[in-house]
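Each value in this text was obtained by applying a stated rule to the coordinates, not by laboratory testing. If you're wondering where the values come from, they're calculated on a predicted model, not measured in any experiment. We place every Cβ from the backbone using ideal geometry, glycine too, and count neighbours over all the protein chains shown.
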Amino acid sequence: MVAVERIAIAAPVLSPAETANVMECLNTNWISSKGRFINEFEKGFAEKVGAKHAIAVTSGTTALHVALAALGVGPGDEVILPTFTMIACANVVTQLGAKPVLVDSEMTTWNMDPAQVRAKLTPRTKVVMPVHIYGHPVQMDELKEVLAPRNIPTLEDGAEAHGAQYKGTPVGSLATISAFSFYANKIITTGEGGMVTTNDDALANAVLSLRDQGYDITRRKWLIHDRIGYNYRLTNLQAAVGLAQLKRMDEFVEHHRKVATLYNSLLKNTPGITLPPEHPWAKNVYWMYTILVDGAAFGMSKDDLMTKLGEAGIDTRSAFLPIHQQQIYAKGYLGQSFPVADRLATQGVNLPSGNNTTEEEVRRVAATIVSLSRK
Ligand SMILES: Cc1ncc(COP(=O)(O)O)c(C=O)c1O
């Protein structure tokens with residue numbers, strides 16, 4: 001019997017270029033947070049997303065944390081964010097002593113609904129955090145229109161949306177300040193890592209200082225600190241991987257889009273399956289190709305489908321458990337309802353869709369799903 005390979009949800013694709021860069025760090029002793037790869041990775045990433053500044057940090061979470069801190073978020077403030085997102089988005093708000101205010105998603109993008117943001121604004125609203133879920137950009141014009149009267153800044157979370165575009169403008173230059181993750185399953189990776197981008201000089205200086213123990217960036221004097229900062233510095237070793245990955249980012253983005261196009265064509269007539277959205281103005285990078293499974297129409301629940309796919313050697317992941325359903329947060333949102341997020345969580349399943357996912361694998365996954373449906 002021929003053994004059938006298990007299909008992973010996503011895995012990094014590394015090449016000899018990453019190895020050569022890392023070896024240069026090791027051979028030259030530039031293994032800490034200074035070195036040419038940090039500078040080149042930051043410069044290249046800023047160019048790629050069309051931002052003036054890019055500042056490398058240790059993760060997507062610390063990118064969000066340091067961006068909120070630079071925007072002055074603190075105790076008593078409110079930050080509006082979608083409930084359908086990864087928990088780090090709420091945690092960084094809480095860690096700064098502020099309150100996460102949750103809004104539901106809209107079905108057409110699965111992202112934060114700008115109309116609901118308007119309804120949740122209060123005098124304490126300090127920042128709004130649009131998250132480009134699974135690589136589809138948020139309706140930024142509508143959001144900015146809501147925020148314009150009070151000039152409320154935005155922190156976009158592009159952790160899942162490297163290379164995505166809104167009306168032709170890349171994620172990373174759509175907001176006051178932006179955050180990215182380079183975790184191993186992301187479109188480009190440094191193992192662990194993150195980036196903050198912004199066009200605002202003062203915010204960039206604040207992030208530079210905060211990432212490095214509150215170092216006094218204006219005086220540039222050793223051991224002089226003018227605020228309480230963190231050590232969120234990425235290493236040259238990680239940036240060495242990141243720079244090689246950055247050179248392939250467009251290729252990886254196109255790969256994700258090809259995988260999505262193929263899944264769409266193979267699954268579009270399957271009863272009970274809703275395909276991921278792509279607005280005409282959007283370039284969705286389909287970081288995770290995610291479908292919704294309506295159990296009654298499909299013939300089995302999402303959980304049962306995941307079990308069956310697992311038995312067939314196909315890895316899947318459940319869509320996010322919304323923040324308002326997390327036991328650590330639920331008490332704060334009793335009585336509020338988020339029906340779209342609840343549906344996305346109940347029905348959403350991520351299918352294999354990494355940089356390494358092959359056409360043959362997509363065909364096998366789709367055929368297995370179709371064979372399990374009522375068709
Ligand atoms: C939307 C979103 N924000 C933030 C993060 C946190 O990034 P990291 O895991 O690099 O800390 C993730 C990571 O998966 C994410 O998906």
The Rg/Rh figure for the chain, Cα atoms and Kirkwood Rh, to two decimals is 0.98
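So, counting K/R as plus one and D/E as minus one, what does the shell of residues with Cβ under 15 Å around Asn231 add up to?
Here the charged neighbours net out to +2.
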Taking Lys and Arg as +1 and Asp and Glu as -1, residues besides Ser209 with C-beta under 9 Å from its C-beta add up to -1
Dipole check, region 180-293, charges on Cβ (K,R +1; D,E -1), about Cα centroid: among Thr198, Leu246, Ile217 the Cα furthest to the positive pole belongs to Leu246
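Output the antiparallel fraction of DSSP beta bridges having both residues in the chain, as a percent to the nearest 5.
60 percent
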In terms of the charge dipole of region 249-372, which places +1 on Lys and Arg and -1 on Asp and Glu at the beta carbon, the residue among Ile328, Ile369, Thr270 farthest towards the positive end is Ile328
PRE zone check, label point 7 Å out along Cα-to-Cβ of Leu275, amide N under 19 Å, scope region 327-363, hits 348-354, 358-363
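How big is the Rg/Rh ratio for region 10-145, C-alpha atoms only, Rh by Kirkwood, two decimals?
Reported Rg/Rh, Kirkwood definition of Rh: 1.06.
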Note: Asn356 to Asp250 extended length (0.36 nm per residue) minus current alpha-carbon separation gives 36.7 nm
The base-10 log of I(q)/I(0) that the Debye equation returns for region 1-88 at q = 0.11, 0.22, 0.26 Å⁻¹, one scatterer per C-alpha, is -0.58, -1.24, -1.34
When the charge dipole of the chain is computed with +1 on Lys and Arg Cβ and -1 on Asp and Glu Cβ about the Cα centre, the Cα farthest towards its positive end, among His255, Ala297, His136, belongs to His136
From the Cα centre of region 1-79 to that of region 197-269, the distance in Å is 5 Å
Extension length gain for Met107 and Lys34 (0.36 nm per residue less Cα distance), in nm, is 21.9 nm
Square roots of five times the C-alpha gyration tensor eigenvalues of region 249-372, ordered largest first and given in whole Å, equal 26, 19, 14
Scoring only Lys, Arg, Asp and Glu (+1, +1, -1, -1) among other residues with Cβ under 15 Å from the Cβ of Lys167 yields -3
Candidate cut points under chymotrypsin sites (Phe, Trp or Tyr not before Pro) in region 204-250, DSSP loop plus at most 13 other Cβ atoms within 10 Å of their own Cβ, are Trp222
Answer in debye to the nearest 20: the dipole magnitude of the chain about its Cα centre, from +1 Lys/Arg and -1 Asp/Glu charges placed on Cβ, is 360 debye
